[in-house]
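The structure appears below as structure tokens.
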DNA sequence: AACTACTCCTGGAGGC
DNA sequence: TGCCTCCAGGAGTAGT
């Protein structure tokens, strides 16, 4: 969603100034200073797993990982051209926010803002030729819409984590990528699987349900934007979030009260009725 | 190789 | 209203 928006508004724009005020947020593996992006043109915006890749002219690239609270907003004055990531600050809030730690000024007067209230987001600057190596080092698994991500692949991936809770296995990025804490909960409630089930204990039909749920959740996220709304509110007509952030509220399917537990130190919301401990 | 615990940060929510 | 405490959460790393 965010990548699609940015890939509509940014290509062709030239960076006239760039600043990242938090040193920890900027990573330059080859020592290139951020200033070298000045005068470079943005050619396109790609995505690999949870990394956004901005291809620049002169064989440079910027990589951005928003982590858990990062937000990118492309603005021209008060006009919002593109926005995505964490919901704080609100998409129509005046920028810079006090947590706006990065800005890229573009040749048409618009600005790409990076705001992160937790300061966990990272921006890498490196030669384009080294992007693949950086991504390879992260040992990322398959994209869930890769044709190779089949039910059989998922079953095999889960078998490698026999005793690990299924919720924890879904967050592991080395077999397949894209699910964070929220979407993992959403995939599990859609598949009707208890988050503490052992990953290796799923039957073929359960793996099939999970496979479909993972793709459905991520397809919805790509088309409609993040499920991350404050306090579990559900957008009018929206399918998500059905689980995450809704502990104590009634299940949208059966009306039972959703529960919150910790799985692998991660907050996990689920429906005790729709997601039984064993099937 | 699989798994757990710890770390990084600080805005915002909730308690009183 | 305002001060205080605690929670969230991706992923790298060290240790078992």
**OP:** Over the stretch A:152-208, calculate the relative contact order: mean separation of alpha carbon pairs under 8 Å at least 6 apart, over the residue count, as a percent.
**Re:** 47 percent
Original post:
What is the distance, in nm, between label points placed 7 Å from the Cα along the Cα-to-Cβ direction at residue A:46 and at residue A:17?
Top reply: 3.1 nm
Original post:
Listing A:185, A:137 from the residue with the fewest other Cβ atoms within 10 Å to the one with the most, what is the order?
Top reply: A:137, A:185
Original post:
If the viscosity is 1.306 mPa s and the temperature 10 °C, what Stokes-Einstein diffusion coefficient in µm²/s follows for the stretch A:90-130 when Rh is the Kirkwood radius over Cα pairs?
Top reply: 132 µm²/s
Original post:
Using the C-alpha gyration tensor of the stretch A:81-156, what are the square roots of 5 times its eigenvalues, in whole angstrom, with the largest one first?
Top reply: 33, 18, 13
**OP:** Enter the angle in degrees (range 0 to 90, nearest 10) between the Cα long axis of helix A:181-191 and the first principal axis of the Cα atoms of chain A, meaning the one along which they spread out most.
**Re:** 40 degrees
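Expressed in nm to one decimal, what extension gain is obtained for the pair residue A:173 and residue A:256 from 0.36 nm per residue of sequence separation less their Cα-Cα distance?
So the extension gain works out to 26.7 nm.
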Original post:
Where in the stretch A:188-202 does the label zone of residue A:162 land, with the point 7 angstrom along Cα→C-beta and an amide N cut-off under 20 Å?
Top reply: A:196-202
Subject >> Compactness of the stretch A:20-103, expressed as Rg and Dmax over alpha-carbon positions, Å >> reply: 13.5, 37
Original post:
To the nearest 500 deg cm²/dmol, what mean residue ellipticity at 222 nm is calculated for chain A from DSSP H runs of n ≥ 4 alone, each contributing -39,500 (n - 2.57), summed and divided by the residues?
Top reply: -6500 deg cm²/dmol
Subject >> Rg/Rh ratio calculated on Cα atoms of the stretch A:1-150 (Kirkwood radius) >> reply: 0.95
**OP:** May I have the extent of the alpha carbons of chain A along their three principal axes, as whole Å values ordered from largest to smallest?
**Re:** 59, 37, 29
**OP:** Would you order A:139, A:50 from fewest to most other beta-carbon atoms within 10 Å of each residue's own beta-carbon?
**Re:** A:139, A:50
Subject >> GNM top mover of A:268, A:30, A:150 - chain A, alpha-carbon springs below 10 Å >> reply: A:30
**OP:** Output the Kirkwood hydrodynamic radius of the stretch A:124-279, Cα pairs only, in Å rounded to one decimal.
**Re:** 16.2 Å
Original post:
Considering chain A as a Gaussian network with a 10 Å cut-off on Cα pairs, which listed residue, A:110, A:100, A:28, attains the greatest mean-square fluctuation?
Top reply: A:28
Original post:
Using all Cα-Cα distances in the stretch A:138-203, what percent lands in each 5 angstrom bin from 0 up to the longest?
Top reply: 4, 19, 28, 31, 16, 2, 0
**OP:** On a C-alpha basis, how far is the centre of the stretch A:166-182 from the centre of the stretch A:12-28 in Å? Whole number, if you could?
**Re:** 30 Å
**OP:** Using only Cα atoms, tell me the angle between helix A:204-224 and the longest principal axis of chain A; keep it within 0 to 90° and round to the nearest 10.
**Re:** 30 degrees
**OP:** Can you figure out the FRET efficiency of residue A:108 with residue A:130, using R₀ = 25 Å and their beta-carbon distance, to the nearest 0.05?
**Re:** 0.30
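Each value in this text was obtained by applying a stated rule to the coordinates, not by laboratory testing. Note that the coordinates shown come from a computational prediction; the quantities given were computed from them, not determined experimentally. Using ideal geometry, Cβ is built from the backbone for each residue, glycine included, and neighbour counts are taken over all protein chains shown.
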